[in-house]
Structures are given as C-alpha cells and as structure tokens.
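So the structure is just underneath, and the comments pick up after that.
The values are calculated or read from the model by the stated rules, or taken from the named source; none is laboratory data. It should be emphasised that the depicted structure is a prediction, and the values quoted were computed from it without experimental measurement. Quick reminder, even Gly has a Cβ in these numbers, built from the backbone with ideal geometry, and neighbours come from all protein chains shown. Quick note on the areas: whole protein, heavy atoms, side chains included, nothing else; ligands and nucleic acids left out. Shrake-Rupley method; radii C 1.70, N 1.55, O 1.52, S 1.80 Å.
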Amino acid sequence: MHLSGLPAGQLAFVNDIAVANNIPKKFLDAILGELRNAGFVLSRKGKEGGYRLARPASEIKIGHVVRVLDGPLAPIPCASRTQYQRCEDCDEATCQVRHMMLEVRQAIAEVLDNRSLAAMRDADNDDFPVELSSQI
C-alpha cells in the first residue's frame, strides 16, 4: 500500500516504509524480497536506492499479491486451484466440507481478484458493506 501512494517512479527506503507503517524492518525486507521476485516491485541499491512498484497500482490485483505472500486462497488444500491436494479420508464428490470450502475460496477470489491495489488505496471505507460493519 505504501508504494502505491508514491508518485510514479519515486523510490522509498525500506526503513521509511517500516517506520511509517509500524512494520519490523526485517519482516518488511522479507516481504519486499518476495514481491520483487514475483515482479510486483523493483528495487535499486545504494544511496539513491529504494523500492517502487514495477507497474501501475491499477494493474496489480490484490489476489495475486496475497497468493505470493500467503499461498493459495483456499482454506483447505482440496479446495485449492493452484495447490490442490486430495484428501485421503473422504470422498471428494460427496464431501460437504469440501463443497462449502470451494464456495468460500470462490468468494474470496471474487473479492481479491477484482480489486486492484489502486482501488484498495483509494477506498474511502464509506462503501464498506453495512452487514459487515456491525460484525467488526
């Protein structure tokens, strides 16, 4: 999110990002490394170095970032599209838990894969669903 708020081409130092967002620097280094390896951010070393987005925030989908950092969206392996693992102790065709978790995975993907980093950055949070705001 921090990098999406920078003017195009501007770099941010890891320490500045860490302090501004109250994130331990070592943890942030690991996250930025994963995002760099996945092609979401670019880095430059040295005095004039830092990090910036590799492409416009409007082109980066949150679902892709979540998958890079946290792995599959599915809550259980047999419901995953990207890292599917068959359950040994159930019949997948009739397993109601798997069927529900497929729906859960689809709902998560529907939200995350249709929201860009720019949309998340620019959200005014006034559009938060009323039915969910009462649960927070």
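Numbers at a glance
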| read-out | value |
| --- | --- |
| In Å², nearest 10: area of VAL97 left accessible to a 1.4 Å probe | 90 |
| Compactness of the range 19-97, expressed as Rg and Dmax over alpha-carbon positions, Å | 17.8, 59 |
| Neighbourhood charge, 15 Å Cβ-Cβ cut-off, centred on GLU110 and excluding it, Lys, Arg +1 and Asp, Glu -1 | +3 |
| Computed accessible area, ASP91, all protein chains, 1.4 angstrom probe, square angstrom | 80 |
| Amide H within-cut-off set for VAL41, under 5 Å, with H built and near neighbours excluded | ARG36, ALA54 |
| Portion, in percent, of the accessible area of the chain that falls on carbon or sulfur, probe 1.4 Å | 53 |
| Those GluC sites (Glu not before Pro) in the range 22-74 that DSSP places in a loop and that have at most 13 other beta carbons within 10 Å | GLU48 |
| Accessible area per residue in Å² at 1.4 Å probe, computed on the chain | 69 |
| D (Stokes-Einstein, µm²/s), Kirkwood Cα radius, the chain, 0.692 mPa s at 37 °C | 191 |
| Nearest-20 debye value, the chain charge dipole, Cβ charges on Lys, Arg, Asp, Glu | 860 |
| Ranked packing of 82-89, 49-56, most packed first, by mean Cβ within 10 Å | 49-56, 82-89 |
